[in-house]
Amino acid sequence: MTQIDSTKDNFYTQKRSMPPLGGYNLTFLKIEILRLLRNRRNIIFTIITPVVFYFMFGGGKSIHQKMGNGNASSYVMISLAVYGAMIATTATGASVAVERAAGWSRQLRITPLRPGAYIAIKISSALIMGVFPVVAVFVTGALNGAQMTFAAWIISGFVAIGGALVFVPFGLFAGYLMPSESVMQILGPVLAILAFVGGLFVPMAFLNSTFRNIAKFTPAYGIGEIARSPMMGHGFDIASVANVIIWMAIFAFGAAMLFRRDTGRV
Amino acid sequence: MSNSVAGSSALAIDLVGLKKSFGTLCAVDNMNLQIKPGEVVAFLGPNGAGKTTTIDMILGLLPPDEGNVSIFGYSPSQAVARGYLTAVMQSGGLLKELSVVETVRLISTLFAQSLSVEEVLHRAGIDTIANQRVGKCSGGQQQRLRFALALLPRPDLMILDEPTTGMDVEARRDFWKAIHQDSQEGRTIMFATHYLEEADAYADRIVLINKGRVIADASASEIKAMSSGRVVSADVVNPKIADIEKLPGVTSVEYRGNHIVINSTDSDTTARYLLNIANAKNLEITSHNLEDAFIALTTKDS
C-alpha cells in the first residue's frame, strides 16, 4: 500500500491501481487473528477442552503401555491435538457467520479485496489458530507422560495442523448456512461426535467391527490415522489419504456453492 | 479537468437503460441517469422506489438484468478495485470486537493507494475514539467510522445510502459537516435520503425516483417549482392582466384591491415583469416546500 499525501497529490491525477495479491496482506491476517483470539468462548473450546480431555481419557495414566515409537499417552495426545486443531479451523471458517450477520462481508465487497484473497486469509488464519491447541496439548502431553521419537513429535504436530484444514470449508459451509453468532454452539457437539466416530476419543481397536467400518468413512478418521502414523510406526493406508481428500472436496464444494449464492443483502 | 480521471468517457456515473426485476416485481425500470464529476446529488424516493436496488447496481453488488453501469468509464467492480468508488452504508458492515483504529487500518491495507489512518480518523472526527471498541460506539460514531473507511482511497465518487437514518439532529448535523468539509476537494457525491431537508441543504441536484424510474431531475428549487409552482404576490396599480397571463409559467392570476396574486412555475420571470414593467411594490415569492413537491410528484405518478 502506498500512502496518498493529500497536501501534495492532486486529487484527479492521483495514481490508482489494484492491490497486489487481491488484497491479501499480513496486517489483515494479524487483525483477523486478534479478532479470533478475543473470542473467549472460542479459546476455551479450542485450547482448554482438548487439554482437559487428555486427562479425562487417561492420557496421564497410560505411560507404561508401549505402542510403536511411543506409548498410549502419546496416542491420546495426538488424537486430541487433531481434535483441538479441528475445532480451531472449523471456528475460523465459521467466523464468516458472524461477519455475514454483522454485514462485514458486504462491507468487504465494496473494497478491492478479491474473494480468493479472502479465502486465503481464512485458510492462513486457520493454520495459525490450529497451532495453539496442538502446542497446548503437546506441552501438556510432554509434561504428563507422552513419549515418542523426536521425528514423531514434529511430523504428527504438522499433520494435525495441516490436516485440520479440511475443516475450514466445513466451518465456512456452516457459516454460510447459519448466519449467526451461535453457529459454534451447534458445531461444537457436531465436532465432538465426528471426533468420537472418527476414533479421536476412543481408539479404533476398542470398537466393534461394524462400527469400525462406518468410522472409516467419517471426516475426522483420516487425519487422526495419518497424524498418529509416525508414532505408531506402521505408516498409513491409502484409504486414510482418500478419506481426507474426499471430505476436503465435499466441504469445499458445499462452501463454494453457498459462497456463490451469498450475493444478497445479509 | 476531471476528464483525466479515466480517459474520455469521464461521467462519474452513467446509467443506461438499467433494469432489475425480482420475480414479478420490477424494482428498476429502464433507468437513465448521468452524473458529472463534482456534482453533489440527492437520490430521493419513497420506500420501495428502487433507490437501494439502483445503488447496489452502481456498486456492483447486484448485476442488472439489462442496461449498463459505468463509473468514470469503468465497470463498478473495476472502479471499486481501484478506489475510484466507495460507499457508506446505512447500517451494519462493522465488526464490534475490533477497535475503531483497527477497523480503519484493516480496510486501508486493501487499497493500493490510501490516505493515512490518522488522516481519515481526523477528517471523520473520530480521532478521539480511535482505541474504542466498535461495539461501544454510538450510532453516530459508527456512521462516522463508515465514512472514514469510505474516505481511505480518497475516492472520486462516494455513494451514501441513507447515511443519517436513526441519528439525532445533532449527530446528523455533525455528520453532514464532516461530509461537506471533505467534499471541497471536488469529490462527486450521491446520497440517498428520506430527510428532505438534507437533500435541500446539501445537494446541487435532486434526482427523484418512483417505481424504478426517474420522475424529476433538477435543483431543489426547480423541483419545488415543478410540483405546483410558486406564489408571487405584490401591490400593483392597474396591471395589464392579459399580459401577465401570457407570461411563461403563469397558471393563474387573481387581482383584488391593488393586490395581485399569481401562481407561476417561473416565478423569476413573473417577478421581473412585476418589478420592471408594472412597478409593483412589496413583492413576495412564497414557495411550496420540498415535501409538498415530493408528495405531489410521487402521488401524481401513481
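Selection over region B:256-280 of residues that are in a strand (DSSP E or B) and either modelled with pLDDT of 90 or more or among the β-branched types (Val, Ile, Thr) (or both) gives a count of 4.
Residue-level check: of (1) open to solvent by 10 Å² or more (accessible area, probe 1.4 Å); (2) within 19 Å of the chain's Cα centre (by Cα), A:Pro203 misses just (2).
Would you point out which residue out of B:Leu62, B:Leu94, B:Leu85 is on the phi < 0 side of the Ramachandran plot, open to solvent by 10 Å² or more (accessible area, probe 1.4 Å), more than 7 Å from chain A (Cβ to nearest Cβ) and touching a helix residue (DSSP H, G or I) at 6+ places or on another chain (Cβ under 6 Å)? B:Leu62 is the lone residue from the list that is on the phi < 0 side of the Ramachandran plot, open to solvent by 10 Å² or more (accessible area, probe 1.4 Å), more than 7 Å from chain A (Cβ to nearest Cβ) and touching a helix residue (DSSP H, G or I) at 6+ places or on another chain (Cβ under 6 Å).
Selection within region B:125-141: residues that are outside any helix (DSSP H, G or I) and in contact with a Lys or Arg (Cβ under 9 Å, 6 or more places away or on another chain). The member of this set that is modelled with the lowest pLDDT is B:Gly125. Of all the listed residues (B:Gly67, B:Gly45), the sole one being modelled with pLDDT of 95 or more, within 30 Å of B:Thr298 (Cα to Cα) and more than 13 Å from chain A (Cβ to nearest Cβ) is B:Gly67. Restricting attention to region A:213-254, the residues being surrounded by 13 or more Cβ atoms within 10 Å (Cβ to Cβ), within 22 Å of A:Lys122 (Cα to Cα) and either of a type outside the set (Phe, Trp, Tyr) or over 16 Å from the mean Cα position of the chain (by Cα) (or both) number 9. Screening region A:183-266 for helices (runs of 4 or more DSSP H) wholly inside it with 2 or more residues that are touching a residue at least 40 places away in the same chain (Cβ under 8 Å) and either of a type in the set (Lys, Arg) or under 20 Å from A:Ala81 (Cβ atoms) (or both) returns the ranges A:183-197, A:221-232, A:238-261. A:Met77 falls short on exactly one of the conditions (1) more than 18 Å from A:Met184 (Cβ to Cβ); (2) open to solvent by 20 Å² or more (accessible area, probe 1.4 Å); (3) among the hydrophobic types (A, V, I, L, M, F, W, C); (4) in a helix (DSSP H, G or I), and that condition is (2).
Does region A:123-131 contain at least one residue that is assigned to a helix (DSSP H, G or I), without any contact (Cβ under 8 Å) to a residue 60 or more places away in the chain and facing chain B (nearest Cβ under 9 Å)? Checked against the condition, which is being assigned to a helix (DSSP H, G or I), without any contact (Cβ under 8 Å) to a residue 60 or more places away in the chain and facing chain B (nearest Cβ under 9 Å), region A:123-131 yields no hits at all. Inspection of region B:186-197 finds a residue satisfying the criterion of being among the hydroxyl-bearing types (Ser, Thr, Tyr), in contact with a Gly (Cβ under 8 Å, 6 or more places away or on another chain) and not in a helix (DSSP H, G or I).
Considering every residue within region A:190-197, establish whether at least one is of a type in the set (Gly, Ala, Ser) and closer than 28 Å to A:Met148 by Cα. Yes - at least one qualifying residue is present in region A:190-197. Filter region A:89-122 for residues that are open to solvent by 30 Å² or more (accessible area, probe 1.4 Å) and within 14 Å of A:Leu165 (Cβ to Cβ); which is farthest from the other protein chains (Cβ to nearest Cβ)? Among those that are open to solvent by 30 Å² or more (accessible area, probe 1.4 Å) and within 14 Å of A:Leu165 (Cβ to Cβ), it is A:Ile119. Looking across region B:221-246, the residues that are open to solvent by less than 30 Å² (accessible area, probe 1.4 Å) and not in a helix (DSSP H, G or I) come down to B:Gly229, B:Val232, B:Ser233, B:Ala234, B:Val236, B:Pro239.
Taken together, the residues in region A:1-40 that are more than 7 Å from chain B (Cβ to nearest Cβ) and either among the aliphatic types (A, V, I, L, M) or open to solvent by less than 30 Å² (accessible area, probe 1.4 Å) (or both) amount to 9.
Going through (1) over 16 Å from A:Phe138 (Cβ atoms); (2) in contact (Cβ under 8 Å) with a residue 12 or more places away in the chain one by one, A:Leu34 falls short only on (2).
One line per residue, one yes/no per condition, for (1) within 14 Å of chain A (Cβ to nearest Cβ); (2) surrounded by 19 or more Cβ atoms within 10 Å (Cβ to Cβ); (3) modelled with pLDDT of 95 or more; (4) over 25 Å from B:Leu106 (Cβ atoms):
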residue	(1), (2), (3), (4)
B:Gln143	yes, yes, no, no
B:Ile159	yes, yes, yes, no
B:Lys177	no, no, no, yes
B:Glu198	no, yes, no, yes
B:Asp204	no, no, no, yes
B:Ala218	no, no, no, yes
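Being in contact with a Phe, Trp or Tyr (Cβ under 6 Å, 6 or more places away or on another chain), more than 10 Å from chain B (Cβ to nearest Cβ), aliphatic (A, V, I, L, M) and part of a helix (DSSP H, G or I) holds for only one residue in A:Ile47, A:Ile43, and it is A:Ile47.
Does A:Phe138 meet the test of being touching a helix residue (DSSP H, G or I) at 6+ places or on another chain (Cβ under 7 Å), open to solvent by 10 Å² or more (accessible area, probe 1.4 Å) and away from chain B (no Cβ under 14 Å)? Taking the combined requirement at face value, the residue satisfies it. May I ask you to list the residues in region B:97-124 that are assigned to a loop (DSSP other than H, G, I, E, B) and either facing chain A (nearest Cβ under 7 Å) or touching a Gly at 6+ places or on another chain (Cβ under 7 Å) (or both)? Across region B:97-124, the qualifying residues are B:Glu97, B:Leu98, B:Thr109, B:Leu110, B:Phe111, B:Ala112, B:Leu115, B:Ser116. In region B:70-82, which residues are outside any helix (DSSP H, G or I) and either within 7 Å of chain A (Cβ to nearest Cβ) or closer than 23 Å to B:Thr165 by Cα (or both)? Within region B:70-82, just B:Arg82 meets the criteria.
The values are calculated or read from the model by the stated rules, or taken from the named source; none is laboratory data. For clarity, every value in this text was computed on a predicted model and none was experimentally measured. All Cβ positions, glycine included, derive from the backbone under ideal geometry; neighbour counts span all protein chains shown. Heads up: the accessible areas ignore ligands, DNA and RNA and are worked out on the full protein's heavy atoms, side chains in. Shrake-Rupley method; radii C 1.70, N 1.55, O 1.52, S 1.80 Å.
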